[in-house]
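First comes the structure, then the notes that go with it.
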Amino acid sequence: RGGPSGGGAGEGPRRRRMPGLRRPLLVGCVAAAAVAAAAVPHEDPLHRRRLEACRGLPLLPLLSPAPAVSDGDFGGGAFRASPLPGAFLFGSGEEERRDGSWSYVGTLYPYIMGALVLFVSLLGSCPGCIVWALHQKASRRPPFRQTTGLAFHICFAFLCLSVVLASLVAVEGEARAAHAYQRSKCAALLSLDVLANGLRPEAEALGGGEITGFVGLRPLASAARASESTFPSLLRGLEAARAALPNETQDSFAIQAPQYMHQWDQVQRGRMEVTPYHCKPCEPDSLRPLNRTIEAYKSTMASIQAALTGAQTFVEDAEAPLKRMRNHSLGDVTALLEATRASSSLLNAMLDEFEDFWQQLCEALRQFALAALAALLLGVLCLALCPGSEGAALVAWWFAYFVTLGLLPISAFLLPAAVASRDASALLQAATSSQSALQTFNDTAPLRPLHTDQFEALASCVAADGDGDLRRSLGLDAVGPSEVAAAERLLGSLGGLAAVRLDNTSAEAFFLRYENLNGTAYTANWNSSMNLGQRGLDDLSGELHAMSQEQWAFSFRKAPPGCVLAMPFSVSTAVSTKNCWLVNKVSPSDQQIRDRYLLSSPSQMAVLNLTFARARASAQALESEYVMVNEAPQVHRSWTKASTDLTTALATARTEVAAPARQTALDMVRAANATDCSSVRAALLFSARALGDDFVRAQVTLWACSSILAASCLGLTALYCFLWHLRQSGATHRSGFPRQGFPVDPLGRGGGAGADHGGGFSDDEGGGGGGGYLGGAGTDDEEERRGLLQ
């Protein structure tokens, strides 16, 4: 990238070093990505659904042992006699199950009929209400009062209180129903998930001493298939990992790095210790990054080799027992696993349908509860802000009527939903009450029936009289103590491999520094700023020239300015400013200096001798520096290759050897020690009780609230209808009696007081033909009334 300015030339050495840095980093990143991808297991849909359902819930109460259910036979005790078993579990075909479903729905009609009859009655009364309202508007009305009385306000206040309280209780009931349903759904899915994928209390952070782990049917099947599926690929991974390991030849890092370390730490340090110069590259602190790199290399190699050796031994020890396990147990485990998957699919389908129905029902209840509150506000507006408005009362009347029509179907569906939930809970408890009850489900369920051994294994986990141990029913005795010990040894060797981290950063920084070593790395003991670099030696040559008037140079360094050709020191040559001598570790000696520079004063001679002594020591240190051959580039290249090969071998060992071997070993250990599946029944019973108790109570509460809201809105409908009837004017009416003090014309001549004020009343006020509030004269009764009033 260097331009015409020559910047590219200055970056040349750095670009030559960068490929050695990029290659191991790139391989390391790729290997880390591969390890991360391999560390994420294939997530089972059932396990994912269970995690979603149980989010935020503690699992310990769901898995704690529960007392046995006393309801033995179907339909006994709390179990409601209904065709629910035939509808969902007993039918052998789709058509039979559909007929059973409709039969069961028929048993729920008595719980629907009350609200349904009221709904139909109200709906049928709508035309009658409309006809009655039109008749009232077309009829003439006698004098009346438009204000409501005390009884009206008391009834309205009571209905308002009922609506508000019922709405608040409905909100709390819906929250309790959602929580109870979540717990029941979580426990049901947890029971299937534990049966299929197992339970590890330490992984779930249960922390309960009563909860025991369970291996699960899927890990059992994986362990049984390991001899034919996992072990061949594992052996191929062993070969690939061994092939990727660095070769420890003479040019390898394993050989060159300790030698390079020894050269600096022992040889070069020994050379420099006889000189008054300090060797910074020889210090333990400077060599510590290389030492750590060597130790990390050795540790990584040892961990990889131990893991590969352990995996090889594990395959040899476990292959025969796993083959026996495959021959004796794989068929039964696979059948149970398929039955668990089918049950999960059926349960998920039922839950999805019910959740859609329940969410729509709760949403409708929320909306109509708000509508009931709006009906209250309309009543308050009619009474407070529109005391004489006939239209406001009419709107409030029909709004409350339609809110009542909307609440009645909600109330009609909530109670049957509670009954159905109670039936499902009792059915589940009865099915798990004994092995005989479970056998009935096994014989008639839509799932594929299980044969004797498979049913016994399932009954031991689910039925109340089961022992919860799968070893006897599934024949898991093939995995004995020796196989468990081999698996535990493998897990121990693989544990060291998981903790290995190969860090290239400190090694690259070390080699970058040592490849650029020069004389500045050696500092003088008498002055830390003095070193064997060109500038330091030039300063020392300058001091010698200033005192001796002759040029002095050092081997392996450029001569100072003015020195054309440096020669070995000659005592016989006279002193001259043109002379340029080489200083070595022995000459010129102190005696030669005193004999050569006779004119110097004693103090000058002492300084001159001291300066020449330092020059001779510097020349000796230069020889030691020159003798040390810095092989940092070669060691760096060997490290680059070794780290690349080691990173590849480590990634291969982790992904293709350690991951499958560790999983198989864990499955084997748990197959021998974690076969207690009693937590499956505990989760099932918790699900049944949460569904039949907490969820049903919340549903009944919602049903009661919806019924109270419907009754209150019906009462508001009647009150608003009365209010409209009170305010509506009819065809013609008089708003009240005439004011006192106005005379009535006995002859009916235009309405008494009305004549004195410029004319008669309007027709609505009794004017026209006869005057007065009784209408015009025309009959004997009217004449008699006038006489009496007069």
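Part of a helix (DSSP H, G or I), closer than 30 Å to Lys585 by Cα and hydrophobic (A, V, I, L, M, F, W, C): is that true of Met301 in this structure? Considered against the rule, which asks whether it is part of a helix (DSSP H, G or I), closer than 30 Å to Lys585 by Cα and hydrophobic (A, V, I, L, M, F, W, C), Met301 comes out as no. Within the span defined as the stretch 407-416, one or more residues are under 30 Å from Gln136 (Cα atoms) and either buried (at least 19 other Cβ atoms within 10 Å of the Cβ) or polar (S, T, N, Q) (or both).
Just for the stretch 514-553: of the residues that are charged (D, E, K, R) and without any contact (Cβ under 8 Å) to a residue 40 or more places away in the chain, which one is surrounded by the most Cβ atoms within 10 Å (Cβ to Cβ)? Only one residue tops the list, namely Glu550.
Would you say Met272 is open to solvent by less than 60 Å² (accessible area, probe 1.4 Å), at pLDDT 90 or above and assigned to a helix (DSSP H, G or I)? So Met272 passes the test. The residue list Ser101, Ser125 contains one member that is in a helix (DSSP H, G or I), over 23 Å from Leu428 (Cβ atoms), of a type in the set (Ser, Thr, Tyr) and modelled with pLDDT of 55 or more, which is Ser125.
When we screen Leu394, Leu365, Leu408, Leu381 for residues that are without any contact (Cβ under 8 Å) to a residue 24 or more places away in the chain and in contact with a helix residue (DSSP H, G or I) (Cβ under 9 Å, 6 or more places away or on another chain), the only hit is Leu381. When Phe511, Phe556 are screened for being open to solvent by 50 Å² or more (accessible area, probe 1.4 Å), out of contact with any Cys (no Cβ under 7 Å at 6 or more places or on another chain), among the aromatic types (Phe, Trp, Tyr) and closer than 29 Å to Pro633 by Cβ, only Phe556 passes.
Among the residues of the stretch 648-678, the ones that are in a helix (DSSP H, G or I), more than 13 Å from Leu494 (Cβ to Cβ) and open to solvent by less than 10 Å² (accessible area, probe 1.4 Å) come to 4 in all.
Would it be correct to say that Leu322 is farther than 30 Å from Ala621 by Cα, in contact with a Ser or Thr (Cβ under 8 Å, 6 or more places away or on another chain) and open to solvent by less than 40 Å² (accessible area, probe 1.4 Å)? So Leu322 fits the description; yes.
For residues that are surrounded by 15 or more Cβ atoms within 10 Å (Cβ to Cβ) and among the aliphatic types (A, V, I, L, M), scanning just the stretch 132-163, find the one that is modelled with the lowest pLDDT. So, considering only residues that are surrounded by 15 or more Cβ atoms within 10 Å (Cβ to Cβ) and among the aliphatic types (A, V, I, L, M), the one modelled with the lowest pLDDT is Ala133. Within the stretch 626-651, being hydrophobic (A, V, I, L, M, F, W, C) and under 28 Å from Ala499 (Cβ atoms) holds for Val635, Trp639, Ala642, Leu646, Ala649, Leu650, Ala651. For the condition surrounded by fewer than 21 Cβ atoms within 10 Å (Cβ to Cβ), more than 20 Å from Asp423 (Cα to Cα) and modelled with pLDDT of 90 or more, Asp645 qualifies.
Could you list, in sequence order, the residues of the stretch 219-258 that are assigned to a loop (DSSP other than H, G, I, E, B) and loosely packed, with under 15 Cβ neighbours inside 10 Å? Walk me through it before giving the result.
Our first condition is that a residue be assigned to a loop (DSSP other than H, G, I, E, B); within the stretch 219-258, this holds for 245-252.
The answer is Asn247, Glu248, Thr249, Gln250, Asp251.
Consider the stretch 450-486 and keep the residues that are touching a Ser or Thr at 6+ places or on another chain (Cβ under 8 Å) and closer than 15 Å to Ala224 by Cα. The one that is most open to solvent (accessible area, probe 1.4 Å) is Arg471.
Would you mention how many residues in the stretch 325-362 are over 30 Å from Glu488 (Cβ atoms), surrounded by 14 or more Cβ atoms within 10 Å (Cβ to Cβ) and free of Cβ contacts under 8 Å to residues at least 40 places away in the same chain? Adding up the residues that qualify gives 1.
The values are calculated or read from the model by the stated rules, or taken from the named source; none is laboratory data. All of these numbers come straight from a predicted model, not from anything done at the bench. In this analysis, Cβ positions are derived from the backbone assuming ideal geometry, glycine residues included, and neighbour counts consider all displayed protein chains. When the accessible area is computed, the model is the full protein with side chains, heavy atoms only, and any ligands, DNA or RNA have been set aside. Shrake-Rupley method; radii C 1.70, N 1.55, O 1.52, S 1.80 Å.
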